[in-house]
There are 6 protein chains.
Amino acid sequence: MKEEVFYSKGMKYIKEDYPDLYEGNVSLNKVAYTGKALDYKTQKLIALGINAAFSDDRAIKKQIMSSMQEFGTTKDEIVDVFRVVLLIAGKPAFMKAINILYELEDDECVCGGGVI
Amino acid sequence: MKEEVFYSKGMKYIKEDYPDLYEGNVSLNKVAYTGKALDYKTQKLIALGINAAFSDDRAIKKQIMSSMQEFGTTKDEIVDVFRVVLLIAGKPAFMKAINILYELEDDECVCGGGVI
Amino acid sequence: MKEEVFYSKGMKYIKEDYPDLYEGNVSLNKVAYTGKALDYKTQKLIALGINAAFSDDRAIKKQIMSSMQEFGTTKDEIVDVFRVVLLIAGKPAFMKAINILYELEDDECVCGGGVI
Amino acid sequence: MKEEVFYSKGMKYIKEDYPDLYEGNVSLNKVAYTGKALDYKTQKLIALGINAAFSDDRAIKKQIMSSMQEFGTTKDEIVDVFRVVLLIAGKPAFMKAINILYELEDDECVCGGGVI
Amino acid sequence: MKEEVFYSKGMKYIKEDYPDLYEGNVSLNKVAYTGKALDYKTQKLIALGINAAFSDDRAIKKQIMSSMQEFGTTKDEIVDVFRVVLLIAGKPAFMKAINILYELEDDECVCGGGVI
Amino acid sequence: MKEEVFYSKGMKYIKEDYPDLYEGNVSLNKVAYTGKALDYKTQKLIALGINAAFSDDRAIKKQIMSSMQEFGTTKDEIVDVFRVVLLIAGKPAFMKAINILYELEDDECVCGGGVI
């Protein structure tokens, strides 16, 4: 299933106010994640890597959470994505991503959730 | 093996003139690509995705070639990386990457190589 | 009038502490927005598009507010800018901009302002 | 008409080899450029501004040419876009865009074309 | 001394959970800041300039604080770095950096610290 | 002297066609490089670092050449700038800058110039 599990508040408004733009986003998502050769999980890890390289807090957080929930992606797998970010995009981008990962982990601990 | 197969002319000079900096690059490569959970091929595809998102011609070309030679990565797999680039980094970054891929393919065809 | 309506706290300090740098910023603004052929409103929408493409929260918010107040720019016009951002800069940049737009709208609603 | 007039060699290959991805690009273009409130020419100038801010040579060139041919956009209008680029994205991005504009103009002069 | 004075919470976790990755970061830092010809302070100012050009809040703040504490870097020196950011990376990146600098200064005043 | 020694063909055209925009660029340069506390050479090295972090070929080349000619900046000093680029902006940006540096050096050798 390639729908966005956590879609943001903004996207809900877009669906109501600009249905053509909403449909455009759904189609784009489908085209992007309907790989011929790579599986969806791998493609989502690539998306996470790009978002981390762009230092985009919101997108990093969203990708980590959806990847863990949809595919059971482990912390080790996510750190392996961020190793590549360190090499290709430098240390500040890497540290931002690592900090978000551990903050998510801490949040879970407080809640007793233990997803991570 | 995680050494760089195609290392650029610049890196050869660095090895001679600034050996500590060369060693630093080798170590960084090793740390980046020694994943605990993802295999090396997947990590290289993530690197390709980030380079394409950054619209870095030279790095895109180098990653495509090394990925095809080291892992037999197929054109379909590479296009699946670029699908994610379209979604996360937009159409100009996607088109630049696609153009480089097809130019490499054309070059191969002329030479009768057929690697791609 | 091409002065900045909402200029930030930092700019006020710069005016006091580094008057040459403040003057430099004023001149740059003037040169940028004194188009020969495009009107000021169009140039401000281009500025908004670039800020959104750069995923710069603070600048996006500032541009939306000043554009609405100075020119009566509508939500539809702003969403049309962000459509281009989706194409050229990808979905995370688009979503960040859309979220900021709707948060501003929600804030206004709470206050009964109704500017948007 | 919102089809791309100058579509690149790469896009032709995509149309043949990955028709779903080609269709996805066509849809995305349509959604992006079907503004409710801004006209197509203004949206294309915003696209040019973002491409220039990203320092993307190929995309800048393509946008200048298509904008001049489709809408008769003048050099003054394009320079007004680049004034905003100077302010928002800095001088190197501005200079790259200006150089591309004048190279295109020089090319035209040689050919006696006089489009610019 | 080239160790990071303010290392972030995330880095502490990395040290525990992924010691090889931690060591990789330490080595990278050492290689980067062991200049042959420029002193460490100048290199740190270059790092600050790049972080500001990338509009990275967290890294800008961290670099300003460590630079002031380790080298007694003055506000004037930091503003001189940001002058270059205005030229090369544009006004929004410049304003973000200036705002962070003055917020740090204000924080110090509240605490009676007076470091800045 | 803070005028640009190597100013590009595009800037000459701007001077003729858009004198206000030319003047705006001259003023911006002056404000940027008239530091209160850092000397001009240090500010130019920061500019080089940012250009390298942005992977801007043309600007990197121009900054290296002007820095060597105006201040006698050495190869070691430039490599020290690029060490910081490796840390903050990643390996592809670093390699691009290093390659440009060595290509310039090779060009000089061919010409018997020996500036580098």
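Miscellaneous remarks
- Qualifying residue in segment C:19-27 (condition: in the same structural domain as C:VAL85 (by TED's automatic domain parsing) and of a type in the set (Gly, Ala, Ser)): no
- Count - residues of segment D:25-55 that are charged (D, E, K, R) and under 10 Å from the mean Cα position of the chain (by Cα): 1
- Some residue of segment A:40-53 being assigned to a loop (DSSP other than H, G, I, E, B) and within 14 Å of chain D (Cβ to nearest Cβ): no
- Of all residues in segment C:21-52, those satisfying the criterion of being within 24 Å of C:VAL84 (Cβ to Cβ), open to solvent by 30 Å² or more (accessible area, probe 1.4 Å) and among the basic types (Lys, Arg) are C:LYS36, C:LYS41.
- Taking the criterion of being modelled with pLDDT under 95, of a type outside the set (D, E, K, R) and closer than 22 Å to F:ILE14 by Cβ, the residues of segment C:8-44 that qualify are C:THR34, C:GLY35.
- Restricting the first member to segment E:53-74 and to residues that are surrounded by fewer than 19 Cβ atoms within 10 Å (Cβ to Cβ), and the second to residues that are of a type in the set (Phe, Trp, Tyr), the beta-carbon pairs closer than 8 Å and six or more apart or on different chains are E:MET65/E:PHE6; E:SER66/E:PHE6; E:PHE71/E:TYR40.
- Any hit, segment E:87-102, residues being open to solvent by 50 Å² or more (accessible area, probe 1.4 Å) and farther than 22 Å from A:PHE54 by Cβ: no
- Residue in segment A:72-83 that is more than 29 Å from E:PRO19 (Cβ to Cβ) and in a helix (DSSP H, G or I) present: no
- Here E:VAL84 meets each of (1) open to solvent by 10 Å² or more (accessible area, probe 1.4 Å); (2) modelled with pLDDT of 95 or more; (3) away from chain B (no Cβ under 14 Å) with one exception, condition (1).
The values are calculated or read from the model by the stated rules, or taken from the named source; none is laboratory data. Bear in mind that the values here come from a model prediction, so they are computed numbers and not experimental data. Counting neighbours? That spans all protein chains shown, and the Cβs are built from the backbone with ideal geometry, glycine included. Only protein heavy atoms, including side chains, enter the accessible area calculation; ligands, DNA and RNA are left aside. Shrake-Rupley method; radii C 1.70, N 1.55, O 1.52, S 1.80 Å.
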